[in-house]
Amino acid sequence: LRRKLHNQVMELKGNIRVYCRVRPFLENEKTGNKHKVFRFPDTNIEQRSITHVAEGGLKYDGVTRASNKPSKFVFDRVFTPREKQEEVYNEVGNMVQSAADGYRVCIFAYGQTGSGKTHTMHGPLHGDDRGIIPRAASHIFEYCEKLETQGWTFSVSVSMVEIYNEKLRDLLTPNSKAPLEFHRHLKPADGEEADTVVDGLSEHTVTNAGEILKLLRKAGQIRQTAATHCNAQSSRSHTVFSMKINGFDSKEGKRRVGKLNLV
Ligand code: ADP
Ligand code: MG
């Protein structure tokens with residue numbers, strides 16, 4: 001019942017949600033930026049609007065604007081520069097829980113280079129600034145432990161792939177010789193739905209959040225090494241972190257497989 005109700009709330013909030021996050025000015029951007037580019041007209045109410053304040057003659061979206069009419073945009077929620085990682089996670093964390101409930105969940109950060117995608121999704125692995133991935137790692141295990149007291153057993157595995165110029169690279173098994181390829185998996189195992197998978201990608205079974213952090217550290221090193229060779233940290237590099245949560249309810253003999261993709 002809890003799973004069903006949680007899913008209903010998720011559906012009511014919308015199965016596809018678009019958030020906007022504006023990062024603060026960085027130290028080196030502060031000078032000369034006295035002019036406020038964005039305003040947040042409903043910060044204390046709904047937190048859904050953002051206004052782009054264009055001055056006359058300012059170039060915006062490739063078009064030079066003659067007027068200084070502000071443009072208003074509405075999202076499912078807007079995070080202002082003041083809102084911290086914790087507030088972002090409070091909003092998206094319940095989708096992570098759905099993955100443990102057997103649903104497929106994807107959180108995708110999109111934006112130009114330097115806009116804060118890596119900070120939001122990854123961030124440092126410890127401390128208040130840690131991002132969605134390390135927070136999701138502990139969250140999933142806390143949640144699974146709770147369900148285990150009710151007769152569930154779980155196995156969790158993770159994989160991480162980098163897509164760079166259409167090429168796939170396994171970030172957890174650096175020297176794997178297997179060519180990686182996208183594959184539409186039509187005959188999935190018991191309890192799984194048809195899915196798009198990467199053939200040849202290593203999957204690592206993990207039993208606690210610490211093990212995930214260790215793998216993330218390793219992936220970071222692999223990206224670093226590669227970066228010196230081919231500029232992998234450029235805007236053409238994308239990372240997909242996937243967590244597969246395989247749950248078995250011993251009381252009802254039911255299996256549920258959920259997946260969380262953090263892009
Ligand atoms: P992207 O991955 O989109 O290219 P980054 O996440 O690397 O961008 O962010 C660019 C810089 O801005 C980094 O130095 C990062 O630490 C900083 N930054 C991004 N978002 C925030 C934020 N919400 N608060 C503080 N610093 C941020
Ligand atoms: Mg980045």
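Readers should treat all values here as calculations from the given coordinates under stated rules, not as data from a laboratory. Everything numeric in this text was worked out from a predicted model, so none of it was measured. A quick note on method: Cβ atoms are made from the backbone with ideal geometry, for glycine too, and the neighbour counts reach across all protein chains shown.
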### Query
Can you pick out the pairs among K146/K254; K4/K146; K13/K36; K117/K214 whose Cα atoms lie more than 19 Å from each other?
K13/K36; K117/K214
### Query
How far apart, in nm, are the 7 Å Cα→Cβ label points at Q112 and K218?
3.7
### Summary
Looks like region 76-132, by Cα gyration tensor root eigenvalues a ≥ b ≥ c and the a/c under 1.5 rounded cutoff (else prolate when a/b is bigger than b/c, oblate otherwise), is prolate
## Note on the structure
Any aspartates and glutamates whose Cα falls less than 15 Å from that of K69, other than same-chain ones fewer than 8 residues away, would be E55, D61
#### Entry: Cα gyration tensor shape of region 74-194, rounded if a/c is under 1.5, else prolate or oblate by comparing a/b with b/c
oblate
### Query
What are the aspartates and glutamates whose alpha-carbon lies under 13 Å from the alpha-carbon of K251, with same-chain residues fewer than 8 places away excluded?
E148
### Query
So what's the gap between the Cα centers of region 195-219 and region 69-109, to the nearest angstrom?
23
